[in-house]
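**Q** Structure incoming, see below.
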Amino acid sequence: MARLNELTIAVARDGLAKGDFSAKELTEASVAAMESVRPLNAFITETPERALDMAQASDARRAKGDVGVLEGIPLAIKDLFCTEGVLTTAGSHILDGFIPPYESSVTANLWRAGAAMLGKTNMDEFAMGSSNTTSYYGNVENPWRRQGENRPLVPGGSSGGSAAAVAARCAPGATGTDTGGSIRQPASFTGLVGLKPTYGRCSRWGIVAFASSLDQAGPLTRTVRDSAIMLRAMAGHDPKDSTSVDTPVPDYEAALSGDVRGLRIGIPKEYRMEGMPGEIETLWRDGIKWLEAAGAITVDISLPHTKYALPAYYIVAPAEASSNLARYDGVRYGLRVPGATLDEMYEATRGEGFGAEVKRRVMIGTYVLSAGYYDAYYNKARRVRALILRDFTEAFENVDAILTPTAPSAAFAIGERMDDPIAMYLNDIFTVPANLSGLPGISVPAALTGDGLPLGLQVIGRAFDEETMLRVAGVLEDAAGFDAEPAFVAGR
Amino acid sequence: MSLVQGKTGEWEVVIGLEVHAQVIAESKLFSGAATAFGAEPNTQVSLVDAAMPGMLPVLNEKSIEQAVKTGLGLNAQINLTSVFERKNYFYPDLPQGYQISQYLQPIVGEGVVTLDLPDGAVKEVGIERLHLEQDAGKSLHDQHPTATYIDLNRSGVTLMEIVSKPDMRSAEEVGAYLEKLRSILRYLGTCSGNMEEGSMRCDVNVSVRHPGEDLGTRTETKNVNSIRFAKQAIEHEAKRQIALIEDGGKVTQETRLFDPDRGVTRAMRSKEEAHDYRYFPDPDLLPVVLDPDWVAELKRGLPELPDAKKARFTADFGLSAYDAGVLVAEQETAAYFETVVAGGGGRDAKQAANWVTGALFGALNRGGMEIGAAPIDADKLGGLLDLLEAGTISGRIAKDVFDAMWESGKDAATVVEEKGLKQISDSGAIEAIVDHAIADNPGQVEQFKSGNDKVLGWFVGQIMKASQGKANPGMVNQLLRKKLT
């Protein structure tokens, strides 16, 4: 049997059920793995003691026959989720020393399902970034390397620490959040399954807000099945989040029938980007073939407003962020840099507390909301957003899911593309439309590039139809047979 | 129209008000924290009110109900869809860095308030809108020599901002408007109207112009917390603006503060320094969509409001508009009055109104008391009126009985009995006193006989005095005339 830290959630679950090992043993393996992957800088805070306490409590519950969906499974938690009694930073200097007296709804759901917390993972500051290079706590390294190269690569972002931790086999799963692709893009870069649920499926309560109308929590796992298991535990209506939707949470795992016969899969022509690497084009075509071979019907569709998605996103998200981040003012918690006057205290605190990318977006957001520019930018972006949603709504009258690449490239080296924010923003081009329209999306590892880096395919589903999306993803997973492993695996 | 005489002619003062009324509700607009007045600092603060990371607002439905009720009470349009937006600015007592408010789509649209002016005239003031918003916390500057402390108890409390049209033309009209608005809010039970506790505050917009001209540039005086201060602020601001213009200056559009110690307004910030609030719809909240049936149900459940009550009092009871207006200003007073009138098988309404607005109000004022605490309740006052009506006591004695009742809390019959104040209507007893008076005062009898009618009044006075006020005055008059002529 593989080492315990290398088990998937489903396999670990079965092993725990059979009594092959205890939650404590499983967690100890992950804690050791967490230590061994420190060079990746995937964690901001390790919580090994809490993990072991939770694992022991899980073993005790199991002994009484009380077994949750994630009973005994150790998980890594993106540092955007507030965790009671544990430092929560959002990757920012401005939350220095912030220890929440409360637990986010999603993590509370996970603990209720029996999971144990390994630690808090590194991330782009306030989830703003696609490379995990904007964190105050330093860059995260991708456990993958290009063949024959030892240059450190980015894990993608913003959930880069979560992705690196799972890819390097130190946790079987991790939470992420996805505002414009922050789960799916790092999943694609690290050979993982990353799922962004329908907006409103998971509660946002207790998750540090980036862009409220776009943020959604989801799992990063090694398999589609694990993604289904974890989502079931994370999801659910929460009266504390007015935008969370009161609809039953299905058993997603049961939806993985492997049967996509007769399903109609849309292939949007607008995702065929000029200058897109041939390997991604090829992968997409493979995906189409795999689904057709499994009995699905692929249909060419048009999502005509796709090209406006990225610009609209980079107006809406910064606008909301500029307001959401106003609370970090040095008055009540986190960093305070003294000043002679109130304004000086604000300026010093926010000037030191926020990094360059956060400042850039706060300024963009402030600008697009300001008098005289509001209609030209913010209102226009809202109208574009409505058109993008309409594109999808019309498409879904004719198809059951949509297949696209996840990202326009594989992981790039740390330092590459850093001087041009626009080039960096292009990472999100295929993922952003699902955020703007609130639809669920999943990235499935499907191929390696010529130089040995993973690439993902994205399935976009109907609102609140994660089941069909997962079923399609499962078929892609099986067909792709992706079994490559990163260069850096914990403990090897 | 009241005009102000300046050096260059007559000026018209144009006033509009933004009233911030704290909604009566157990909890805050978007959190479950309590809202009681006077609690220890920072003891009524939830994680949401303190804007902790990741916290989300959840709308309190009671606030919506109160706003809709108020809108209905102001004869205003109820908007079935309204939207909460964020008003962004930095201030330490605003933890989120934005106030959640309504902007483009408020919950209540145009309405009207009818003023009863002291001169008996009636005036309508338009309501522009009513929207819901969060209150801010409080900065405490006097706790530390160099630092400012923040009390977040008020942070997130529900306010209704009620915006009038610029329809008022004098400080008196503003006073009447505020009184009327407060009366309506209290009737509805949507705001205590208690300005001392800050549960009702107003921003006063003032401009001046020569009659017939376009509107002048206005100033906004913030956070005025009494009707008296509002009037002072307007008077000062109108004078200041007129003097400024007449001296060749220009009014600048600016925000001003009222200094209650000196009764003046002073500049706070100009339009150039004004915040750009960058309003946008709050993505944490869904639009508020009201069910028209629910609104209709609220409307059916509204209490009778001051205007309707006043109309009924004048129509059914024949009261003057003034008396009716005074009686309906407070719901408790109107209820007291109606209880008096309805009791004893139906009492004389005008008589009741006179006693409530006269003796009762006088006693309440002297005691600094609310009507609910009066030692003479409606039934007791009714008992007094019954004795008067039956002729058991004279009108003159009635006032003394009232005072004794106020002192002792006893009912009228008991007081009259204990003090022996029953009116003497026995003709024999009165005749004896009259005869005595005539016999004792031959000089006055002569005067009367020589044509001096006034002496009759003097005799009545003597006789009433001799009877300690208890003699039935009608009978005294009758007997005197008979005996003297």
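**Q** Looking at segment B:23-63 only, could you name the residues that are surrounded by 21 or more Cβ atoms within 10 Å (Cβ to Cβ), closer than 21 Å to B:SER192 by Cβ, at pLDDT 95 or above and of a type in the set (Val, Ile, Thr)?
**A** Answer for segment B:23-63, where residues must be surrounded by 21 or more Cβ atoms within 10 Å (Cβ to Cβ), closer than 21 Å to B:SER192 by Cβ, at pLDDT 95 or above and of a type in the set (Val, Ile, Thr): just B:VAL23.
**Q** Just for segment B:74-101: of the residues that are in a loop (DSSP other than H, G, I, E, B) and away from every other protein chain (no Cβ under 14 Å), which one is surrounded by the most Cβ atoms within 10 Å (Cβ to Cβ)?
**A** Here the residue is B:ALA76.
**Q** Still on this structure, please answer the following. Give the residue that is nearest to the other protein chains (Cβ to nearest Cβ), with candidates limited to residues of segment A:165-197 that are over 22 Å from A:ARG145 (Cα atoms) and more than 9 Å from the chain's Cα centre (by Cα).
**A** The residue in question is A:GLY180.
**Q** Looking at the structure I just gave you, is B:VAL122 in the same structural domain as B:SER164 (by TED's automatic domain parsing), within 29 Å of B:ALA171 (Cβ to Cβ) and in contact (Cβ under 8 Å) with a residue 60 or more places away in the chain?
**A** no
**Q** Another question, then. Any residue at all in segment A:364-382 that's at positive phi, crowded, with 17+ Cβ neighbours inside 10 Å and either at pLDDT 95 or above or not in a helix (DSSP H, G or I) (or both)?
**A** Taking every residue of segment A:364-382 in turn, none turns out to be at positive phi, crowded, with 17+ Cβ neighbours inside 10 Å and either at pLDDT 95 or above or not in a helix (DSSP H, G or I) (or both).
**Q** Can you tell me which of B:ILE150, B:ILE127 is touching a Gly at 6+ places or on another chain (Cβ under 7 Å), within 14 Å of chain A (Cβ to nearest Cβ) and in a strand (DSSP E or B)?
**A** Exactly one residue qualifies, and that residue is B:ILE150.
**Q** So is A:THR298 surrounded by fewer than 20 Cβ atoms within 10 Å (Cβ to Cβ), in a helix (DSSP H, G or I), in contact (Cβ under 8 Å) with a residue 40 or more places away in the chain and touching a helix residue (DSSP H, G or I) at 6+ places or on another chain (Cβ under 6 Å) or not?
**A** Here the answer is no, as A:THR298 does not meet what is asked.
**Q** Kindly evaluate B:THR392 against the criterion of being among the hydroxyl-bearing types (Ser, Thr, Tyr), touching a helix residue (DSSP H, G or I) at 6+ places or on another chain (Cβ under 7 Å) and part of a loop (DSSP other than H, G, I, E, B).
**A** yes
**Q** Same structure again: Please specify each residue of segment B:58-73 satisfying the condition of being within 18 Å of B:GLN22 (Cβ to Cβ) and either in contact (Cβ under 8 Å) with a residue 40 or more places away in the chain or in a loop (DSSP other than H, G, I, E, B) (or both).
**A** B:LEU59, B:ASN60, B:SER63, B:ILE64, B:GLU65, B:GLN66, B:ALA67, B:VAL68, B:LYS69, B:THR70, B:GLY71, B:GLY73
**Q** Moving to a separate point now. Look through segment A:239-266, keep the residues that are away from chain B (no Cβ under 14 Å) and among the hydroxyl-bearing types (Ser, Thr, Tyr), and return whichever of them is surrounded by the most Cβ atoms within 10 Å (Cβ to Cβ).
**A** A:TYR252
**Q** Consider A:GLU320 against the criteria (1) within 30 Å of A:PRO101 (Cα to Cα); (2) more than 14 Å from every other protein chain (Cβ to nearest Cβ); (3) assigned to a helix (DSSP H, G or I): it satisfies all of them except one. Which criterion is unmet?
**A** (2)
**Q** Which residues, taken from segment A:359-407, are under 25 Å from the mean Cα position of the chain (by Cα), within 18 Å of B:PHE90 (Cα to Cα) and β-branched (Val, Ile, Thr)?
**A** Scanning segment A:359-407 gives A:VAL362, A:ILE364.
**Q** Sticking with this structure for a sec: Quick one: which of A:ALA423, A:ALA473, A:ALA446, A:ALA434 is outside any strand (DSSP E or B) and in contact with a Phe, Trp or Tyr (Cβ under 9 Å, 6 or more places away or on another chain)?
**A** A:ALA434
**Q** Can you list residue pairs whose Cβ atoms sit under 6 Å apart, with the first residue in segment A:198-213 being more than 9 Å from chain B (Cβ to nearest Cβ) and the second being aromatic (Phe, Trp, Tyr)? Count only pairs 6 or more apart in sequence or on different chains.
**A** Between residues of segment A:198-213 that are more than 9 Å from chain B (Cβ to nearest Cβ) and residues that are aromatic (Phe, Trp, Tyr), the close pairs are A:THR198/A:PHE464; A:PHE210/A:PHE126.
**Q** Checking the condition without any contact (Cβ under 8 Å) to a residue 60 or more places away in the chain and out of contact with any His (no Cβ under 8 Å at 6 or more places or on another chain), which residue from B:VAL224, B:VAL204, B:VAL157 passes?
**A** Just a single option satisfies the conditions, and that option is B:VAL224.
**Q** Can you tell me which residues in segment B:252-276 are in contact (Cβ under 8 Å) with a residue 12 or more places away in the chain, within 14 Å of chain A (Cβ to nearest Cβ) and touching an Asp or Glu at 6+ places or on another chain (Cβ under 9 Å)?
**A** B:ARG269, B:LYS271, B:ALA274
**Q** Right, something else. Could you tell me how many of the residues in segment B:110-124 are buried (at least 17 other Cβ atoms within 10 Å of the Cβ) and farther than 14 Å from B:ASP307 by Cα?
**A** 1
**Q** When you check A:ALA386 against the structure, is it modelled with pLDDT of 95 or more and either closer than 15 Å to A:ALA317 by Cβ or touching a strand residue (DSSP E or B) at 6+ places or on another chain (Cβ under 9 Å) (or both), yes or no?
**A** No, not satisfied.
**Q** Quick check: is even one residue across segment B:184-197 surrounded by fewer than 17 Cβ atoms within 10 Å (Cβ to Cβ) and in contact with a Phe, Trp or Tyr (Cβ under 9 Å, 6 or more places away or on another chain)?
**A** Within segment B:184-197, one or more residues are surrounded by fewer than 17 Cβ atoms within 10 Å (Cβ to Cβ) and in contact with a Phe, Trp or Tyr (Cβ under 9 Å, 6 or more places away or on another chain).
**Q** Looking at A:GLU279, A:GLU270, which is the one that is buried (at least 18 other Cβ atoms within 10 Å of the Cβ), more than 30 Å from A:LEU75 (Cα to Cα) and acidic (Asp, Glu)?
**A** That would be A:GLU279, the only listed residue that is buried (at least 18 other Cβ atoms within 10 Å of the Cβ), more than 30 Å from A:LEU75 (Cα to Cα) and acidic (Asp, Glu).
**Q** Next up: Anything in segment B:22-47 that is within 11 Å of chain A (Cβ to nearest Cβ), in contact (Cβ under 8 Å) with a residue 60 or more places away in the chain and either more than 15 Å from B:GLU133 (Cβ to Cβ) or in a strand (DSSP E or B) (or both)? List them, or say none.
**A** Those that are within 11 Å of chain A (Cβ to nearest Cβ), in contact (Cβ under 8 Å) with a residue 60 or more places away in the chain and either more than 15 Å from B:GLU133 (Cβ to Cβ) or in a strand (DSSP E or B) (or both): B:ASN42, B:VAL45, B:SER46.
**Q** Looking at A:ARG336, A:ARG350, which is the one that is more than 9 Å from every other protein chain (Cβ to nearest Cβ) and not in a helix (DSSP H, G or I)?
**A** Only one candidate passes the filter, namely A:ARG336.
**Q** Looking only at residues in segment B:282-330 that are closer than 30 Å to B:GLN96 by Cα and β-branched (Val, Ile, Thr), which one is nearest to the other protein chains (Cβ to nearest Cβ)?
**A** This residue is B:VAL288.
**Q** Continuing with the same structure: From the list B:GLY198, B:GLY189, which one is more than 27 Å from B:GLN241 (Cα to Cα), at pLDDT 95 or above and out of contact with any helix residue (DSSP H, G or I) (no Cβ under 7 Å at 6 or more places or on another chain)?
**A** B:GLY189
**Q** Given the residues A:GLY65, A:GLY114, which is the only one that is surrounded by fewer than 20 Cβ atoms within 10 Å (Cβ to Cβ), more than 14 Å from chain B (Cβ to nearest Cβ) and closer than 23 Å to A:GLY19 by Cβ?
**A** It is A:GLY65.
**Q** A:GLY236: in a loop (DSSP other than H, G, I, E, B), buried (at least 22 other Cβ atoms within 10 Å of the Cβ) and in contact (Cβ under 8 Å) with a residue 40 or more places away in the chain, yes or no?
**A** no
One line per residue, one yes/no per condition, for (1) crowded, with 16+ Cβ neighbours inside 10 Å; (2) touching a Phe, Trp or Tyr at 6+ places or on another chain (Cβ under 7 Å); (3) under 21 Å from A:GLY180 (Cβ atoms):
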residue	(1), (2), (3)
A:ARG204	yes, no, yes
A:LEU214	yes, no, yes
A:ARG232	yes, yes, no
A:LEU283	yes, no, no
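The values are calculated or read from the model by the stated rules, or taken from the named source; none is laboratory data. Keep in mind that what you see is a predicted model, and the values were worked out from it rather than measured. All Cβ positions, glycine included, derive from the backbone under ideal geometry; neighbour counts span all protein chains shown.
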